[in-house]
Every structure is written in structure tokens, then in C-alpha cells.
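The values are calculated or read from the model by the stated rules, or taken from the named source; none is laboratory data. Predicted model, so just to flag it, every value in this text is computed and none were measured. Cβ atoms come from the backbone with ideal geometry, glycine included; neighbour counts cover every protein chain shown. In case anyone asks, the SASA skips ligands and DNA or RNA and just uses the protein heavy atoms, side chains included. Shrake-Rupley method; radii C 1.70, N 1.55, O 1.52, S 1.80 Å.
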Amino acid sequence: TQSTRPQRMLAAVHNNATRGDPRSVVKAIDQFCRQKEWAMNIGDEKGCILDSVVSEVNPAMVLELGTYCGYSTVRIASQLPPHAKIITLEFNPQNAAVARQIIAWAGLGEKIKLIEGSSGDWIPKLKEQFGVDTFDLVFLDHWKDRYLPDTKLMEECGLLRKGSILLADNVICPGTPEYLEYIRNSPRYKSQYFKSHLEYTRVEDGLEKSIFLG
Ligand SMILES: O=C(NC/C=C/[C@H]1O[C@@H](n2cnc(C(F)(F)F)c2)[C@H](O)[C@@H]1O)c1cc([N+](=O)[O-])cc(O)c1O
Ligand SMILES: [Mg+2]
């Protein structure tokens, strides 16, 4: 039976990355996507911007929307201080299954809680189910038409505090026009655009970093 792209990506990690070495997992995925098959990981160029935001925020609690295969999950978790945690939401069970194995290979299972389901279902339950207070950093990289409704939902559920950082992928390509319009015009956020390129291509894309002002 035919394998899927995430399964071929997992095989590339097993064959080319060192167990317990997150940087080698990131490198193996980027190599697979450059040399074999494009895939929608944030990639190394935007990934370096993600790294700099994570190290600047030094978050104790991170929420990622859109695990996919776990590339950015591993990238973020490998930079977290001890005892810090990342909760990552994934809707597609096949993607979640691959992500769990990539996260395990990187040796980061203790820092990462992968939840399968939809943001609409899970965002309202994070406080009661996982004892979350607020998130220091939220990374948005799931369905682009969900960035805005889910940001409003996080506000309503009291998951953001004064100073919480939202970092959104793909604000140019594929684009998140409604989210950008809201976040750049809302008095409750201060936003900054980081110009870059769509993963593994020369097409323009970028990240939008927004601080919640409370
Ligand atoms: O469509 C793109 N990304 C969509 C990403 C979607 C991924 O997020 C999951 N999800 C959905 N809801 C949730 C949650 F969290 F709600 F539970 C999680 C989906 O199952 C999928 O694995 C994309 C496309 C391009 N491109 O160039 O076309 C480039 C990129 O970087 C991209 O991120
Ligand atoms: Mg993306």
C-alpha cells in the first residue's frame, strides 16, 4: 500500500537523524524537503526567526496550533527552559501519529503534550483539562481561516495575559488577510512583521509577531 508524505518524512528522520538529538531531526526534515519532497514545515529560514522569538520570550507555557509532523514543535521544545511545556493541537490523526514518533525520536516527549482534535473543541477546555493559566507564546500554523476565530476564542477563554506573544506563520503565503487586518488594527495588540520566504522556496512569506496588551 502507498505511503504518505508524512510517513516518508518520518522514515527520513529514522534513517538520517540521531535519536535524542533534536537539531539532527530538524536538519533531516529540511534535507528531505529540499532534496526529495516539499512539505509545509516552517523550514529553516523562517525557523531561525521562530528560534529567535522563542529565546527572547523564554516561555514557560507555549501553545502551538497545527502540529502537522512536529517540525516546529521539536524546534520550539528544544529551546525551552527546564520544566517549560508546549501543548500542540493536531486535527488529523495520521499527522498526529507521525508527529508523535518524530517527537519521540527527538527525545522531547516530556516537554510536549500533543492533543488530537479541533481548536474549537479544545481551546475552551485547556484550563480545566490541563491546568493551564495563560500562554506566554502561541504559534499559529494551522488552517489559515482559523487564525482569527481562534485568536478571539483564546481571548474569550482568558488564555492570554498582558505580554503574551502570538507568532503567526504564512501571513503572506498562503496568507491570512482577515487575521492580519484584525491584529494590526486592534488597540489590544502591538504587531511586527518579519519578512522571509515560503519554506524551501524563493516566494515571499513572513511571520507576524503580536504582543497582547491586555
Ligand atoms: O495550509 C497550510 N497549513 C495548514 C496546516 C494544517 C495542519 O494543522 C492541522 N490542524 C488543523 N486544525 C488544528 C487545530 F490546531 F485547530 F487543532 C490543527 C491540520 O490537521 C494540518 O496538519 C500551509 C500551506 C503552505 N503552502 O505553501 O501552501 C505553507 C505553510 O507553511 C502552511 O502552514
Ligand atoms: Mg505554515
Problem - Stretchable slack from THR1 to VAL203, in nm (0.36 nm times residue separation minus alpha-carbon distance) - result: 69.3 nm
Completion exercise
Here, trypsin sites (Lys or Arg not before Pro) of region 178-214 satisfying both criteria (DSSP loop; at most 15 other Cβ within 10 Å) are ARG188, ARG202
Practice task
Kindly identify region 96-214 as rounded, prolate or oblate by the Cα gyration tensor criterion: order the square roots of the eigenvalues as a ≥ b ≥ c, call it rounded if a/c is under 1.5, otherwise compare a/b with b/c, prolate if a/b is larger, else oblate.
Solution key: oblate
Completion exercise
Carbon/sulfur accessible area of region 1-151, % of total, 1.4 Å probe, equals 50 percent
Handout entry: Most mobile of PHE130, PHE139, PHE194 in a GNM of the chain (Cα contacts under 10 Å)
Key = PHE130
Problem - Computed Rg/Rh of region 1-123, alpha carbon atoms with Kirkwood Rh - result: 0.94
Practice task
With a probe of 1.4 Å, find how much accessible area the chain has per residue, and write the answer as a whole number in Å².
Solution key: 46 Å²
Fill in the blank from the handout: In degrees rounded to 10, the 0-90 angle between helix 43-57 Cα long axis and the longest Cα principal axis of the chain is 50 degrees
Problem - Computed helical MRE - 222 nm, the chain, DSSP H runs ≥ 4 contributing -39500 (n - 2.57), nearest 500 - result: -12500 deg cm²/dmol
Practice task
Once you have the Cα-Cα distance between TRP38 and GLN94, take 0.36 nm times their residue separation minus that, and quote the gain in nm to one decimal.
Solution key: 18.3 nm
Exercise for the section: Treat the chain as a sphere of radius equal to its Kirkwood radius over Cα pairs and apply Stokes-Einstein at 37 °C in a medium of 0.692 mPa s; give the translational diffusion coefficient in µm²/s, rounded to a whole number. Expected result: 191 µm²/s
Fill in the blank from the handout: Contour minus Cα-Cα span, GLN129 to SER52, at 0.36 nm per residue, comes to 24.7 nm
Fill in the blank from the handout: Pairs over 31 Å Cα to Cα, from LYS85/LYS190; LYS27/LYS125; LYS85/LYS209; LYS36/LYS127, come to LYS27/LYS125; LYS36/LYS127
Exercise for the section: Using only Cα atoms, find the angle between the long axis of helix 22-35 and the longest principal axis of the chain, and express it within 0 to 90 degrees, rounded to the nearest 10. Expected result: 70 degrees
